[in-house]
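One structure is given below, encoded as structure tokens.
The values are calculated or read from the model by the stated rules, or taken from the named source; none is laboratory data. What you are looking at is a predicted structure, and each value in this text was computed from that prediction instead of being measured. Reconstructed Cβ throughout: ideal geometry from the backbone, glycine too, with neighbour counts over all protein chains shown.
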Amino acid sequence: MKTADPTLSEWIAPPGAPALDPGSLSLGDTLSQAARKWGSRQAIIYRHQPAIADVAWTYAELNHHAERLAAALIATGYLPGERIAIWGPNHPEWVLLEYAIAKAGLILVALNPLYKINELAFALQDSRAAGIFHADRIGVTRPAEIIDQARRDTPALRHIHAFSSIWTELIPRAPDDFPHVATDPDATFMIQYTSGTTGVPKAVRLSHRAIMTTALNSYRMWGIEEGSRVCPGFPLFHVGGSGNSIPGAVAAGATVLPLHIFKPHLTLDVLEHERCSTFVGVPTMLIAMLDDPSIAGRSLDALKTIIVGGAPVTNDLLKRCRNIFGADVINCYGQTETCGVTTTTLSTDSADKKTRTSGAALIGVSIAIRDEQGRSVRRGRIGELHYQGPGGMQGYGSTPCDGDISDGPAWIASGDLATMDDDGFVAIVGRKKEMIIRGGENLSPVEIEAYMKEHPAIREVAVVGVPDEKYGEVACAAVSVRSGMEITSKQIREWCIDRISLWKVPEYIEFLDEFPMTPSGKIQKFQIKEEMVQRLNLA
């Protein structure tokens, strides 16, 4: 660690920090390298998932299929730098397409499979996609029909392919020889649309180098290596899936077992029967698995590490993971704009660090917690987290990063409020836009949620700000209760009063059976806020 003033909330990566770097390799090159080193090892496995047929590809097979498909894409007329969208859940073809697109020198546009027609049309038009690959079905939806309607406003879109056409049309027609495409690792490889927990999505551009550097170093710090068996709970359109879990596993020589869709009992089937050593997901997924009746009697002794992000880990969740899974929990924090990982704890860190923070900076990453004037705040004070490192985005849409680049890559303002302790560990206290201002006092929803989650009857909680005539804004807590347990709003309020300052206690406590979630497992607070305002007649 290097910082000019150790009392300031800064963690500056020293020059020559021992960060792993892909060098001259693009994402596609790393698969070629993996096939040479571990050709007969299993790379991708899809099993125990009723919605799709079983698939198990070795590294040699995955590389062969990716090169054949890349050759077919080039023969179809795609030009280097053009954009191909993928729209569908976690099929094996998604992984195959990721590497074929990389090998062909093209750019992947990752689309949420839950998009409605207007959202799809916006993303296709905004990204200027020349082609789109879609699942043959998404639930009861026929994607081809929706794309046909959406393409009226997307003049750049020339080609539409079903996943099934990869095997029936494209690969059979592919030239015998793959024309290797030299790709600059600093070129854009992926466009990720922000998850939409707060509103309109933005197109985040990520380079081959940014993705690979972040994946290499996060997997190194997490202890995932050759021979590991990794089950990512994230959807592949999410940066945690296609931008970290897949490339990280391939570069490490691990076997990756993606989920077609997260369902607690099916995920437990994969973890048990495939002897997974690592699960990657969000706390809501862990809670769902731990609460699933089918967990009783399972043999999960192969699971050694659970990596979570997207929300804080409570003491109760940490203990349950250790007692039931017998696994270490690693807590991390990141954003699409930083290829998914900015900070992380280690398996050796204390329970206090894992539950109260999201860890210290990833290798090679610099962090500063700054005030409104852009000055680093004192340790322990709240400010906005800023990131600088090799995993930073190239910009939104066609706009480059506008941060300060005087001392290296652009500094990226996260929009997240955080503190840094004396050891350099970062605690996220909320979104800048979600901070509740009650009569001039700032309330952190994350802080209030952390205390409320310690109640044994509370399964999940989300705190949002709602209008108030006297204070301008007050806290409202939406609560879901654990199965088989009962609790009243009065009891919850009394619990809070005993643990936090009275002015932080939510003015309203409302119950929800289910929370609106993104496919990546994050609570959509803007929807909860809208429902609470209507329910309480505060509009």
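Residues that are among the polar types (S, T, N, Q), at least 3 per element: which helices (runs of 4 or more DSSP H) completely within segment 192-284 meet that? Please lay out each step first, then the result.
On the way: elements: 208-222, 246-252, 264-273.
Here the list reads 208-222.
Let me confirm something: among 149, 125, which residue is more than 26 Å from residue 260 (Cα to Cα), of a type in the set (S, T, N, Q) and touching a Ser or Thr at 6+ places or on another chain (Cβ under 6 Å)? Lay out the reasoning, then the answer.
Working: 149 fails: touching a Ser or Thr at 6+ places or on another chain (Cβ under 6 Å).
When all the criteria are applied, what remains is 125.
Within segment 296-319, can you find the residues that are out of contact with any strand residue (DSSP E or B) (no Cβ under 6 Å at 6 or more places or on another chain), part of a helix (DSSP H, G or I) and either surrounded by 17 or more Cβ atoms within 10 Å (Cβ to Cβ) or aromatic (Phe, Trp, Tyr) (or both)?
317
Of the residues 374, 364, which is out of contact with any strand residue (DSSP E or B) (no Cβ under 9 Å at 6 or more places or on another chain), small (Gly, Ala, Ser) and part of a loop (DSSP other than H, G, I, E, B)? Write out each step before concluding.
Details: 374 fails: out of contact with any strand residue (DSSP E or B) (no Cβ under 9 Å at 6 or more places or on another chain).
Result: 364 is the single residue among 374, 364 that is out of contact with any strand residue (DSSP E or B) (no Cβ under 9 Å at 6 or more places or on another chain), small (Gly, Ala, Ser) and part of a loop (DSSP other than H, G, I, E, B).
Please verify whether segment 51-65 includes one or more residues that are under 30 Å from residue 385 (Cα atoms), hydrophobic (A, V, I, L, M, F, W, C), modelled with pLDDT of 95 or more and in contact with a Ser or Thr (Cβ under 8 Å, 6 or more places away or on another chain). First the steps, then the outcome.
We begin by selecting, within segment 51-65, every residue under 30 Å from residue 385 (Cα atoms); these are none.
Checked segment 51-65: no residue is under 30 Å from residue 385 (Cα atoms), hydrophobic (A, V, I, L, M, F, W, C), modelled with pLDDT of 95 or more and in contact with a Ser or Thr (Cβ under 8 Å, 6 or more places away or on another chain).
Mind listing whichever residues of segment 152-173 are in contact with a Leu (Cβ under 9 Å, 6 or more places away or on another chain), surrounded by fewer than 19 Cβ atoms within 10 Å (Cβ to Cβ) and farther than 24 Å from residue 188 by Cα?
The answer is 153, 171.
So which of 355, 348 ends up being farther than 28 Å from residue 188 by Cα, part of a loop (DSSP other than H, G, I, E, B) and of a type in the set (S, T, N, Q)? Can you show your working first?
Working: 355 fails: part of a loop (DSSP other than H, G, I, E, B).
That would be 348, the only listed residue that is farther than 28 Å from residue 188 by Cα, part of a loop (DSSP other than H, G, I, E, B) and of a type in the set (S, T, N, Q).
Specify which of the listed residues (337, 274) is closer than 29 Å to residue 414 by Cβ and touching a residue at least 60 places away in the same chain (Cβ under 8 Å).
On the way: 274 fails: closer than 29 Å to residue 414 by Cβ.
Residue meeting the stated conditions: 337.
I need the full set of residues from segment 8-52 which are of a type outside the set (S, T, N, Q), in contact with a helix residue (DSSP H, G or I) (Cβ under 6 Å, 6 or more places away or on another chain) and either outside any helix (DSSP H, G or I) or closer than 30 Å to residue 382 by Cβ (or both), in order please.
Within segment 8-52, the subset of a type outside the set (S, T, N, Q) is 8, 10-23, 25, 27-29, 31, 34-39, 41, 43-48, 50-52.
Next, only the ones that are in contact with a helix residue (DSSP H, G or I) (Cβ under 6 Å, 6 or more places away or on another chain) stay: 19-22, 27-28, 31, 34-35, 38-39, 41, 43-44, 46, 48.
The answer is 19, 20, 21, 22, 39, 41, 43, 44, 46, 48.
Can you say whether residue 381 is part of a loop (DSSP other than H, G, I, E, B), surrounded by 15 or more Cβ atoms within 10 Å (Cβ to Cβ) and among the basic types (Lys, Arg), as far as the supplied structure shows?
Values: part of a loop (DSSP other than H, G, I, E, B): yes; surrounded by 15 or more Cβ atoms within 10 Å (Cβ to Cβ): no; among the basic types (Lys, Arg): yes.
So residue 381 fails the test.
Please work out which residue is surrounded by the most Cβ atoms within 10 Å (Cβ to Cβ), limiting yourself to segment 176-189 and to residues that are in contact (Cβ under 8 Å) with a residue 24 or more places away in the chain and farther than 12 Å from residue 104 by Cβ.
Here the answer is 185.
Among the residues of segment 60-79, which ones are in contact (Cβ under 8 Å) with a residue 60 or more places away in the chain and more than 22 Å from residue 237 (Cα to Cα)?
68, 71, 72, 74, 75, 76, 77
Restricting to segment 477-525, count the residues that are part of a loop (DSSP other than H, G, I, E, B) and touching a residue at least 12 places away in the same chain (Cβ under 8 Å). Break it down stepwise before answering.
At the first step, the residues of segment 477-525 found to be part of a loop (DSSP other than H, G, I, E, B) are 482-488, 498-501, 505-507, 512-516, 518-522, 524.
With the extra rule that they be touching a residue at least 12 places away in the same chain (Cβ under 8 Å), the set shrinks to 482-483, 485-487, 499-500, 505-507, 512-516, 518-522, 524.
Looking only at that region, the number is 21.
Inspect segment 330-341 for any residue being under 19 Å from residue 450 (Cβ atoms), at pLDDT 95 or above and in contact with a Phe, Trp or Tyr (Cβ under 7 Å, 6 or more places away or on another chain) and give the result as yes or no.
yes
Scanning segment 424-463 for residues that are acidic (Asp, Glu) and out of contact with any strand residue (DSSP E or B) (no Cβ under 8 Å at 6 or more places or on another chain), which turns out surrounded by the most Cβ atoms within 10 Å (Cβ to Cβ)? Steps first, please.
Of all residues in segment 424-463, those acidic (Asp, Glu) come to 434, 441, 447, 449, 454, 460.
In the following step, the residues that additionally are out of contact with any strand residue (DSSP E or B) (no Cβ under 8 Å at 6 or more places or on another chain) were identified as 441, 454.
On the way: 441: 11, 454: 13.
This residue is 454.
Working only within segment 438-453, note down all residues that are in contact with a helix residue (DSSP H, G or I) (Cβ under 9 Å, 6 or more places away or on another chain) and either modelled with pLDDT of 90 or more or in a helix (DSSP H, G or I) (or both).
First, the residues of segment 438-453 that are in contact with a helix residue (DSSP H, G or I) (Cβ under 9 Å, 6 or more places away or on another chain): 438-439, 441, 443-448, 450-453.
Within segment 438-453, 445, 446, 447, 448, 450, 451, 452, 453 meet the criteria.
Could you identify the single residue in 282, 250 that is within 21 Å of residue 316 (Cα to Cα), surrounded by 20 or more Cβ atoms within 10 Å (Cβ to Cβ) and of a type in the set (A, V, I, L, M, F, W, C)? Outline the logic, then answer.
Working: 250 fails: within 21 Å of residue 316 (Cα to Cα).
Just a single option satisfies the conditions, and that option is 282.
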